[in-house]
């Protein structure tokens, strides 16, 4: 393992790294205590678009950690920003599969959201955005498919096919995208990891030279590959989807592998003491 040095900013995944579902990972509070003590800036960047930034702040508060809204970036937020840079929001209608974490950022950007009954030509959506939806229904899938078949551009907040929870690995947004792709023959543009888009947005939030930023995640095919594509270093923890033996099967790898966030905290503290 190479030396863990020159760290001036972190981009940290949440599901599988900080918690499983509503169960915090051991060492969560201590990690953020060290980050605050070291004044090390970070962005919590997640592919999960089911919650808003405000809801993530509340979730972390319930786990004993205080986070500012500016330190959260979800794939729903990243998707809304990406679309606002490419479509005239006030003149663009969007049909959303997903919860508030997918719809609220679009509304904040000025887009108009359509409903299940808006399938007539003059009310139909120009865009379909699909995020993790825990109330997914047949009607939602049908409306999304009809809009896509009618020419709506198709976007996914992320392509994760599974989601680590305290119950085990559950179907993720990628499973919904696969159903719509099979029904329409259209492949969505995905915004979250492993695409570099969300990392590029997180880097702008950090305001730190990418050479000194480390991405932390639990999935090789999203967190780590996304970091590689964004040109930044990465660290994989073994508390989520991927395991260390998976690395040998790939042509890319994280710069570091650690057991969990407790080991990361120990390494950060050790590095700080050695620099004194």
Query raised in the report: So residue 31 clears everything in (1) outside any loop (DSSP other than H, G, I, E, B); (2) buried (at least 20 other Cβ atoms within 10 Å of the Cβ); (3) under 19 Å from the mean Cα position of the chain (by Cα) except one condition, right? Which one?
Result: (3)
Requested in this report: Could you tell me whether residue 58 is free of Cβ contacts under 8 Å to residues at least 24 places away in the same chain and out of contact with any strand residue (DSSP E or B) (no Cβ under 6 Å at 6 or more places or on another chain)?
Outcome: yes
**Report entry** Selected residue (only one of 92, 5 is farther than 18 Å from residue 262 by Cα and over 17 Å from the mean Cα position of the chain (by Cα))
**Finding:** 92
Requested in this report: Out of 116, 106, report the one residue that is more than 27 Å from residue 241 (Cα to Cα), touching a helix residue (DSSP H, G or I) at 6+ places or on another chain (Cβ under 6 Å) and surrounded by fewer than 21 Cβ atoms within 10 Å (Cβ to Cβ).
Outcome: 116
Query - Some residue of the stretch 265-272 being surrounded by 15 or more Cβ atoms within 10 Å (Cβ to Cβ), within 22 Å of residue 193 (Cβ to Cβ) and under 24 Å from the mean Cα position of the chain (by Cα) - result: no
Query raised in the report: So residue 52 fits all but one of (1) farther than 14 Å from residue 205 by Cβ; (2) surrounded by fewer than 19 Cβ atoms within 10 Å (Cβ to Cβ); what number is the exception?
Result: (2)
Query raised in the report: Only one of (1) over 25 Å from residue 23 (Cβ atoms); (2) at pLDDT 95 or above; (3) surrounded by fewer than 24 Cβ atoms within 10 Å (Cβ to Cβ); (4) assigned by TED's automatic domain parsing to the domain that holds residue 22 fails for residue 199. Which number is that?
Result: (3)
Report summary line: (1) crowded, with 24+ Cβ neighbours inside 10 Å; (2) out of contact with any helix residue (DSSP H, G or I) (no Cβ under 7 Å at 6 or more places or on another chain); (3) assigned to a loop (DSSP other than H, G, I, E, B) all hold for residue 208 apart from (1)
Query raised in the report: Going through the stretch 169-198 one residue at a time, which ones are in contact (Cβ under 8 Å) with a residue 40 or more places away in the chain, touching a helix residue (DSSP H, G or I) at 6+ places or on another chain (Cβ under 7 Å) and within 21 Å of residue 240 (Cβ to Cβ)?
Result: 191, 192, 193, 198
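The values are calculated or read from the model by the stated rules, or taken from the named source; none is laboratory data. Not measured: the values here are computed from a predicted model. Ideal geometry is used to build each Cβ from the backbone, glycine not excepted, and the neighbour counts take in all protein chains shown.
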